[in-house]
1. Please report the antiparallel percentage of the DSSP beta bridges confined to the protein assembly as shown, to the nearest 5.
2. Find which of A:M231, A:G42, A:W23 sits farthest along the positive direction of the dipole of chain A, computed with +1 on the beta-carbon of Lys and Arg, -1 on that of Asp and Glu, about the Cα centre.
3. With a 1.4 Å probe and every protein chain left in place, tell me how much accessible area B:Y59 has, in Å² to the nearest 10.
4. Taking Cα pairs under 8 Å and at least six residues apart, what relative contact order does segment A:329-481 come out at, in percent?
5. Between A:N353 and A:D435, what's the calculated FRET efficiency when r is the beta-carbon distance and R0 is 56 Å? Round to 0.05.
6. Specify which residue in the list A:S382, A:A189, A:Q74 is farthest towards the positive end of the charge dipole of the protein assembly as shown, using unit charges on the beta carbon of Lys, Arg (+1) and Asp, Glu (-1), about the Cα centre.
7. Could you give the dipole magnitude of segment A:441-484 about its Cα centre, charging the beta-carbon of Lys and Arg +1 and that of Asp and Glu -1, in debye to the nearest 20?
8. Accessible area per residue of segment A:387-461 at 1.4 Å probe, in Å²?
Amino acid sequence: MSDVPASFSKTKEKDYPYFRGVWNRVVVALTAASFIPLILIGGGMYYYATSALKEKTLTTLRMQVINHKDAIDQFLAERTMDLKVVSANLGLDSLITPDVLEGVFLSLRSAEGRSCFTDLGIIDDQGRHLAYVGPYDLISKNYKDAPWFKAVMERDVYISDVFSGFRRVPHFIIAVKQTGNEGAWIIRATVDTVYFDGITSQSPGKRSGDAFLINRNGVFQTNPRMGGQLMGQSEFTGLEPFEGVKLEEREGQIHATAWLRNVPWLCVAKIDQDEIFDALHRVRNTGIFVFILGAILIFLTVLLITNQLVSSLETKRRNIRFLNQQLRRTSYMASSMELSYGFFREIKDNLANIDVATTWIQDLSLEGSSDEIEKSLDQIKSEVLRSRKSIDKFLRFIRPGHPVITEVNINEILDDLLEFLGSELDFKNIKVKRDYQDHLPIIRSDNSKLRQVFQNIVLNAVSAVEKDGEIRLKTRAEKNGVIVTVADNGPGIPEENIDQVFDPLFTTKPEGTGLGLSICLNITQKLGGSISVKSEAGKGAFFIIQLPFQFKP
Amino acid sequence: MLKRENIKQAIDAISERAPEIGYSLNEMLGMGQIDVPAEGDGLYFLFDKQKVQVNKFLYFNEGTVPIEQGLLIKYGEMTKKQELQNKDHPPNYMQAAMEIQKAGLRLMVTHEIDYALTRLRKRSETLETNTRPTDYGHTGMESIETETGLISFLKKIKKNSLTLEIDPEEKDPSVSYRGVVDDDTPAHFMCFPFCMDSLMQVADMNLEFFHVRFLLNCLARGMEKNLFVCLMDGKILGLVYLTLKERTFYKGLEIKYIATLRGKTGDPAEPAFQVHRGVGAFLVAGVWMLWKTGPGNVNEISLDSEIGARWFYEAVGFESRGLSGYVLKAPKGYLLKAILIMANNCRDLRKSIIEEIGTIIGKQTKLLRKKAKNEKEQSARSVVIASIKECLKSEAHLEFAKVTISMLSKYKKKIPESEELIRFASEQGSGNAKVPP
């Protein structure tokens, strides 16, 4: 805005409120245009990513539960197989021998030397203990009425639910029936609950997970890590058999359940949702962070661009108003010129009439008229002719021709201009020094436009020097074209303004348009030339116009 | 309707070739001295408040070429006007108006010649570059010589300001056939006479197809022998451009473009040209004569035309073929008359052609047996009678009169005009033709 004249900048009319609405609309429109696609695309991608990740997590959990359940199933199947193998191979006679049974009991220990069985007993078909190895005194006990005994007699193999039994300690047994010459008998082993708990409690969740077994009635068959105890009633009731793994969301937890194959126990794994969906939450948080960051960036960009746009609009609007003022003035001047054109045409006609009349008088007084009259009539005629020529010149100046590239004599243009400005220069007592090169080469350029350029620059010089000043015009032919310099001894251009003198709308004069020199620059550049200015405050200004010999677009 | 960008495109094209003119036109466009109409359907622009009509056909076929040419003509006129205004003494207004008009046309033609010269020079340079010194065979050298010849010919055209004139008494070798337009005004059918005057005339006519750049392109491509004009008293009245259509077992002469002043689609605001009758038939007659006197292996004359011209082509013997095609079977009507006049002016015609024309006229005479039922038929009948009279007047070829008289005698009772025509034959003398008592 530095190129807008100071007087104009002081205008009290404010443009900003006018553009407030534009600012609001642009911000809203740009924000909406940026955010709606961002939300739609980002939301869609987020939904797709979380769905895929959640599905993947749950599938992994499902696989882990199946593996866990299979491990328990396998343990029970292996233990059952151990008992079957021992009972089938050794036979009742051997097994009822205390040493043999103890040897078998020891051989059923695990590789780490820890037995998965607490005790081992041989029971006949009447429920009497034939042999027993273990920490309890159970040799005298009869199991004829025990539910597990009845069940094993029916099914050959039986794995019981956890019960207290004679020893009053929660446990469960694996019993295998064998039938030989001596009749049916049972080998029964009690599974070490601590050992078994160690297998079942391996939960998929590391921090918050819990895994346990419950029977069909929802009674705990192993010790849960939290919320219950062995043989206590769990929250699971009304259980129905199903295939595979069932996943449920309950109170911020995922419950994965699967029925064991060898025993009607439900393997339950509980994991906190926060833990299992940890990766998902990380993705969500990253997405939200990126979205917020992007939104802030977009919004800031929108604000910045809108501010720039509105600021540029304000500048343009001010310039337009300024130009409007100039245009009104120019239009007024143009119409005045048009009027003066008609006026001078009329004067020219009058002069023609005077000329005709003078000739007529000369013809009438051809004989007998005095020399005085003759001389006076001749003088009238020559004055009329001179006036007509001056008017013609003036009319040519105020009505420039079409922009045509022709042969142009710069010296002639300058002379015409000075002649045109003669009375103004005389009135102000301005001396004009002409330093023209003799036989200055003719150039090909636009005569009317060049006239305009020189007229602007010389008039600037005239207004700068005011009274009793001096203007120097110099023309020289150089290698690439003609150089014209217009110098004056006026106050010069202040240093801080020298770079702006050719800017449109820059003026230091209150009545100036700020367009004159800008137009000069534009014209000379279009004609393939250049224009520059040198000045020192107090020492006048020095305009250099360089024009090529041939028109160079 | 034209848009400012169309004008700008045209000015840019001019600027590339002539920067000085381009500058002026650009400035005038910027100042609104060149503008497009605010409303209206016509294809025109305004140059210094004057309406400049753009040939619609050329604009849609050639793009900005007609706009460029209109701008150049107006620019030339403007500079001349300015030059005359700057003169101290008052001008002779009629003479000045003519000078201004000619200056515009000359500038445009000169510009187009310069453009053609630039293209020819470029082509010549390419030829020189592509032809290595060792390869300077016959063809390469000939091409370069042709280019050089063309360049000097075009330069000569630029300098030459002679008007286009043909001496009717002298036998000019450039004239192919002599005939008449407007019933009795002598005209010449000839190859396009390339000179400043002829090109300026074409520029002024602003015909469809035949703009100055097209004509210069024909010259540059060596196709100028296919371009013919109807010239009357130094004025071009119409042009025709021919091509040879060749396919397996087929060779046809195609009238690619034909345009006459009469068929000019101009603006009523434009200066009116004097309209001459029979120019189209004259041009087709010239083509027919070329066909018949040329190499014998050309099968037919054909052309593609718009529906609007259907009546004319059918009236002179063309038959419709395909959607917009026409083929010339047997000339009739004004075409036959024009052919007869040309044949009468050509003494050294081959016997076969004379016989063919005789056969055609015989058939046409036979048609007079049928009475005219309406005005159209009556008009056609009048044309046949006029053609018969041409035969009877023939001094060059008595065969025409013989055939006509024998047909008239044969169908004396059926042709009401036969007696009158035979009497006319006696009056004319009709050479040695046997006039029945």
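The values are calculated or read from the model by the stated rules, or taken from the named source; none is laboratory data. Please read all numbers here as calculations on a predicted model, not as lab measurements. Don't worry about glycine lacking a Cβ; one is built from the backbone with ideal geometry, like all the others, and counts go over all protein chains shown. Only protein heavy atoms, including side chains, enter the accessible area calculation; ligands, DNA and RNA are left aside. Shrake-Rupley method; radii C 1.70, N 1.55, O 1.52, S 1.80 Å.
1. 90 percent
2. After comparing all options, I get A:W23.
3. 40 Å²
4. Relative contact order comes out at 24 percent.
5. 0.85
6. Farthest towards the positive end: A:S382.
7. 260 debye
8. That works out to 50 Å² per residue.
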